[in-house]
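Worksheet: one structure, shown below.
A short reminder: the numbers here are calculations on the coordinates, not readings from a lab. No experiment lies behind these values; they were computed from the predicted model shown. In this analysis, Cβ positions are derived from the backbone assuming ideal geometry, glycine residues included, and neighbour counts consider all displayed protein chains.
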């Protein structure tokens, strides 16, 4: 198998986004409610898309339930270990490093497994029609990605709710907060 620009460019883009994600996972992140809300919407759509495959393949319901339970366990752990910090008038938050490590490991392991499987089954990348249909029937990939989606939906909603409560308690009006975003 030879490397072509068709396979190098996506790899470079993926490596760049992984670098950004890992860098963001270490240390405090600025609280951006709009981004958290957007992330909730995107992951909700993603989870809905994954759940559609369960209608076609009912054996995937068990893996969806596994993903929901695992995601909520991570949310509960992250809720107990979140910390906020106020710097220069902005609120920053940080989750527990182990939660981020678990999420990154799960995502990377399933992603790399599927990419490896892609290149082993179709190294020329010309006959990917049947491969794209097989993604929805891989139970472990569905379970892991559903776990990640449930975690980000739950955690983002928790951070938004907690930040709004904190802003309300500190005497900020919601109108000023909305205008400041």
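Odds and ends about this structure:
- Compared with the alpha-carbon gap, the fully stretched path from residue 84 to residue 160 is longer by 26.1 nm at 0.36 nm per residue.
- Among 85, 100, sorting on how many other beta-carbon atoms sit within 10 Å of each Cβ, with the fewest leading, yields 85, 100.
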